[in-house]
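Have a look at the structure below before the remarks.
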Amino acid sequence: MARVRLRGDRVIWFIVAIFAMISIIAVFSVGSFLARNDPDIMSKTSVYLEQLGSVALGFAALFVCYAFNYNVYRKLAPYIFALSLLMLLMLFVPALQDKRNGAVRGLKIFGHTLQVFEFVKVGLIIFLSWSLEKYTKEIRTLKGYFLKLLVWVLAVCACIMVNSFSSALLLALISMMMFYFMDVKLKYLLLTAGGAVALIALIFGVYHLALAINPKAADAAIFNRVGTVESRIKNFAKPDADSTVDLTKLTKEQLEDIDRDQRQSESAKIAIKEGGVLGKGVGKGTARHSLSMAFSDFIFAAIVEETGLVGGLFIILLYLIFLFRCISLSFKCPDAFSQALVLGLAFLITTQAFLHILVNVRLIPITGHTLPLISHGGTAYLVLSAAVGIILSVSRSVSKLEEERRAAEEAAAAQAGGLEEAADERQETVELTVEDSDKPF
């Protein structure tokens, strides 16, 4: 029987497998709230089987993306991005919207919900990698940088911002990190950062001006998440004091968001504190009974409660190793596209992971991001697993190139050794001939 050999970075393969095991165990352990919330149709066993299915589909997506040579993604980059843009625009079709907590979270298709933002993140990264390679000369000018790169980032972030302010900021941050590491001029990036700050200030300024004119302006779709974002920031800055937000100007959905977020954040803080150094033990945590999003947005806090500081640091270490392995891989990439692709996808996974962790330990305001490759969820796990598959596809190609290079060097060395040996033999023959000629008859 032929042995299946997985090429590419073995450390990344190992980390992905560890994440899968942590995900299955953690979601099953903290799935009590899901089961209790809907006991008629869901039990802890069904929660476990659901996550097991998500992990299985995730690995299937990983292997499919790994099987293709990364040059396929280069050829398909514009089409992948066009498809993700189409899905993003479909979010504005009322009949297809999946609304949760006052915002459109995905598309309803054949009874299933697709988290479009996850597809868009990967689609934009693939497209930007393609553009960074294709328009290397054009982006050296400010006009080329704006038309070939920045305008697409702005368009995508503008569409996402209506329903998820934090996702838009995350995608903008990842794009800027890609541009920086791919040697886009620093002055362009600083100009972009300044413009982004000014634009955000303008959005909040217009929001407050609209509220001053008409308090019902908060109901407008364009301001869907602005009030919620502002309240999260102020509640984070003054957690023990009364918020300075005028609650009478917020919608019912925004008020529910604030109440839920405050309770979630407080429960997460208690869970981490009670976890201590070694934790209470897997399955023995109590935060899952009060932490309604323990299986997704606050799964890190739930894991720390059960495994302690040791478990939390272990997860952080896994993400750091994953990031460093991807950065190391990028240095070996043979072209700009593969280098930007590996960096962009690695930044997506690790940046989202650390945003999730920082929210859970209450170092930044709530963002709503899940823990990549660990949190409960179908679409997110599927898409991010596919992203890892693309990284491993690049790693496989790099490994193959290195093997071919080493084989060529060994062949050259062997050939050089053979030539040297032949030269030595000829020299010995000449010396023997000279000696024979010096002998008397």
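The values are calculated or read from the model by the stated rules, or taken from the named source; none is laboratory data. Because the structure is a prediction, the values reported are computed rather than measured. As a convention, Cβ positions derive from the backbone with ideal geometry for all residues, glycine included, and neighbour counts pool all protein chains shown. Side chains are part of the model used for accessible areas, which takes the heavy atoms of the whole protein and leaves out ligands, DNA and RNA. Shrake-Rupley method; radii C 1.70, N 1.55, O 1.52, S 1.80 Å.
Values for this structure:
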| quantity | calculated |
| --- | --- |
| The listed residue being exposed (fewer than 14 other Cβ atoms within 10 Å of the Cβ), more than 30 Å from VAL398 (Cα to Cα) and out of contact with any Ser or Thr (no Cβ under 8 Å at 6 or more places or on another chain), out of LYS75, LYS99 | LYS99 |
| Residues being under 18 Å from GLY195 (Cβ atoms) and either in contact (Cβ under 8 Å) with a residue 40 or more places away in the chain or charged (D, E, K, R) (or both) - total across the range 129-151 | 6 |
| GLU306, sole failed condition from (1) outside any helix (DSSP H, G or I); (2) acidic (Asp, Glu); (3) over 25 Å from ALA387 (Cβ atoms) | (1) |
| Flag if ILE364 is β-branched (Val, Ile, Thr), touching a residue at least 60 places away in the same chain (Cβ under 8 Å) and either touching a strand residue (DSSP E or B) at 6+ places or on another chain (Cβ under 6 Å) or crowded, with 18+ Cβ neighbours inside 10 Å (or both) | no |
| Residue in the range 113-136 that is part of a strand (DSSP E or B), open to solvent by 20 Å² or more (accessible area, probe 1.4 Å) and touching a helix residue (DSSP H, G or I) at 6+ places or on another chain (Cβ under 8 Å) present | yes |
| Condition check for SER296: buried (at least 18 other Cβ atoms within 10 Å of the Cβ) and outside any helix (DSSP H, G or I) | yes |
| So ALA193, is it surrounded by fewer than 15 Cβ atoms within 10 Å (Cβ to Cβ) and either at pLDDT 95 or above or assigned to a helix (DSSP H, G or I) (or both) | yes |
| Hits in the range 137-149 - residues which are of a type in the set (A, V, I, L, M, F, W, C) and surrounded by fewer than 21 Cβ atoms within 10 Å (Cβ to Cβ) | LEU142, PHE146, LEU147 |
| Residue in the range 333-352 that is without any contact (Cβ under 8 Å) to a residue 12 or more places away in the chain, assigned to a helix (DSSP H, G or I) and within 26 Å of VAL184 (Cα to Cα) present | no |
